[in-house]
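First the structure, in the form of structure tokens, and then the observations on it.
Please treat every number below as a calculation from the coordinates, not as lab data. Small disclaimer: the values here were computed from a predicted structure and weren't measured. All Cβ positions, even for glycine, are placed from backbone atoms using ideal geometry, and neighbour counts span all protein chains on display.
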């Protein structure tokens, strides 16, 4: 009996000291361990007339800026959609952060963050006119930057050759 009391007291003291010392559970402070810091949300779906829809997702961040890489803690289903979701999360309610490409109405789309899953179906609430949808892709901006960079490089080479010929002459 005495041995059991000593063991119980030792475990109690150890647990108290561990929490007081700032121990972590899975990389999260023990005091904040219950529940994930980021929850996925479904903002709306954008139906199409051709039997497809786009799912528009957001998230709610409970803590400061958080990074969660694409993988088991930040995944899309079907897996072909992995990579569309964000990996950097800010605090607050963040709506319409990203949208999927068109998927068939018969297919569901799910986003899981830290074990919390939200699923989109074609019959979910349709996006209204006040929902600003995220852009598909990056548009033409990166192409223009690359073209401008190439043109600037070529102009720099021509100018350099002209200066070298001028010095020699």
Whole number please: convex hull volume per residue of the Cα set in region 35-137, in Å³? 98 Å³
Kindly put 167, 121 in sequence by how many other C-beta atoms sit within 10 Å of each C-beta, fewest to most. 167, 121
What distance in nm lies between label points placed 7 Å from Cα along the C-beta direction at residue 108 and residue 151? 5.1 nm
Fewest to most neighbouring Cβ within 10 Å: what's the order for 146, 68, 113? 146, 68, 113
Please order 111, 162 by the number of other Cβ within 10 Å, starting at the fewest. 162, 111
